[in-house]
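These notes concern the structure reproduced below.
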There are 2 protein chains.
Amino acid sequence: MLYYLMACSVECGRFCLGYKGLPHEVIWVEMHDIAATMKSIGASPTGGGRYTVPVIKDPNTGALVSDSHAIAKYLDETYPDKPLIPRGTHVLMQNFESLFSSVVLKPSLRLLMARTLEIQKDNSREFFIKTRLRMIGETSWSDVAPEDKIQVQWAALKNGLGVVDGWYQKSEGRWIMGDIFSFADIIVVCWLVWWNAILKEEERQEIYTLHEGRWGRLLRDVNSECNTDLGSVGERIQSLL
Amino acid sequence: MLYYLMACSVECGRFCLGYKGLPHEVIWVEMHDIAATMKSIGASPTGGGRYTVPVIKDPNTGALVSDSHAIAKYLDETYPDKPLIPRGTHVLMQNFESLFSSVVLKPSLRLLMARTLEIQKDNSREFFIKTRLRMIGETSWSDVAPEDKIQVQWAALKNGLGVVDGWYQKSEGRWIMGDIFSFADIIVVCWLVWWNAILKEEERQEIYTLHEGRWGRLLRDVNSECNTDLGSVGERIQSLL
């Protein structure tokens, strides 16, 4: 069984395939090549008509699936052992993603964009700047994340993680679903993996001291559950924020 | 088995007890009497240190439980047949409540407050106005919901319901959890019940024409699942928004 995976930094697809025990091949795509590559293989655009990664191509069925949630759902339908989205939780899981996003990512979006630009390759920088300025309605990159905004957004990121820590505390187990591992934990850890690649060393270290070491432990636990080894510091990652 | 239930308009507790097939007695409390009544029976305050309803008192165990989510969880632990919060979904369900609230209730809060005041008894009006002004940081009731704001908030309420309709469409079943009835559906319907009590007749009718009649159907289905008959138009309700 062979998978071709066009993976974004958030690595959701790789965790999902690893959890299912499905061998796969990863094909990296530069950010400015995504739309052309996705069109050339016949992948569908996702939300808002944009072409995004990850996308999987399943040689067993010929299916080509875009969007990490849709990928998890497709894998559950096609390979039902070890469900990623337990029966009945499809909508609750999508809502979890929305809430995680509005609690953690939205309040720190400009900080994360600034750090992401810092690791872009030269030939993707211009594309990144142009598209992200349009996304947040600014005209100059210097207005995106000046130092005072960075400080506020860094505090907001840690504050958001505090909310997510509260969810784990309430869950009565290691995972968001208590003793049931699910796609929800993969979502959280995908962002940790990405932060490992983009954040400054001292920022990264600070995250791993928060909430009694929850985030390092969670990253290890999810890697162990998925038979993966993703998120080592400084790993080469193409980001898509 | 006998329950004493101090129920708020949102009726969550009554649906939960009905679903479990647990006989109960309902004790209504006027809004301005809630704090004193709850203290007198030894109930705990809920979020933000406020005393709220519903509260249940279980004569089988002596337990006194505040907050509708905590009540559902308590009932599942004590009477495990027919779970309200299926195994593993505790946190996802709380997140569902948060998201429902921010999608539907927050954008229409002032409209809902204005309509709620209209049905308050005389001896609760002053208390309601004072506490709600403090809640939203206004000093005069005339600034809470002038006609132009009402129009915007009414559109926002319908728009929010459109989002929730999308969740039901995606769920691949009658319920938020597909073919599994859960507390999530009770949350949605509690608000419908309450709107039946507070909204103007033409507003109420408009809601029941939306989304191909989803909301009337859902109210009927949940009542049928819970062996209840809640939410008839004009039912006497004390609201707690």
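The values are calculated or read from the model by the stated rules, or taken from the named source; none is laboratory data. Given the structure is predicted, the values throughout are model-derived calculations rather than measurements. Reconstructed Cβ throughout: ideal geometry from the backbone, glycine too, with neighbour counts over all protein chains shown.
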Legend entry - Residue list for segment B:78-106, filter: away from chain A (no Cβ under 14 Å), touching a helix residue (DSSP H, G or I) at 6+ places or on another chain (Cβ under 9 Å) and part of a helix (DSSP H, G or I): B:L105
Inset, instruction - Determine whether segment A:144-159 contains at least one residue that is crowded, with 19+ Cβ neighbours inside 10 Å and farther than 21 Å from A:H211 by Cα. - result: yes
Inset, instruction - Please determine, by comparing only the residues of segment B:39-57 that are hydrophobic (A, V, I, L, M, F, W, C) and part of a loop (DSSP other than H, G, I, E, B), which one is modelled with the highest pLDDT. - result: B:A43
Legend entry - Among the candidates B:H32, B:H69, residue that is at pLDDT below 80 and under 30 Å from B:K121 (Cα atoms): B:H32
Legend entry - Selected residue (criterion: nearest to the chain's Cα centre (by Cα)) from residues of segment A:166-211 that are of a type in the set (S, T, N, Q) and away from chain B (no Cβ under 12 Å): A:N196
Inset, instruction - Report yes if A:Q120 is within 15 Å of A:S182 (Cα to Cα) and assigned by TED's automatic domain parsing to the domain that holds A:N159, otherwise no. - result: no
Inset, instruction - Give me a count of the residues in segment A:88-112 that are touching a residue at least 24 places away in the same chain (Cβ under 8 Å) and more than 20 Å from A:M135 (Cα to Cα). - result: 4
Inset, instruction - Identify the residue in segment A:58-69 that is outside any loop (DSSP other than H, G, I, E, B) and more than 11 Å from every other protein chain (Cβ to nearest Cβ) and, among all such residues, is surrounded by the most Cβ atoms within 10 Å (Cβ to Cβ). - result: A:S68
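I'd like to know if segment A:120-136 contains one or more residues that are in contact with a Phe, Trp or Tyr (Cβ under 8 Å, 6 or more places away or on another chain), closer than 27 Å to A:Y208 by Cα and buried (at least 20 other Cβ atoms within 10 Å of the Cβ).
No, the conditions are met nowhere in segment A:120-136.
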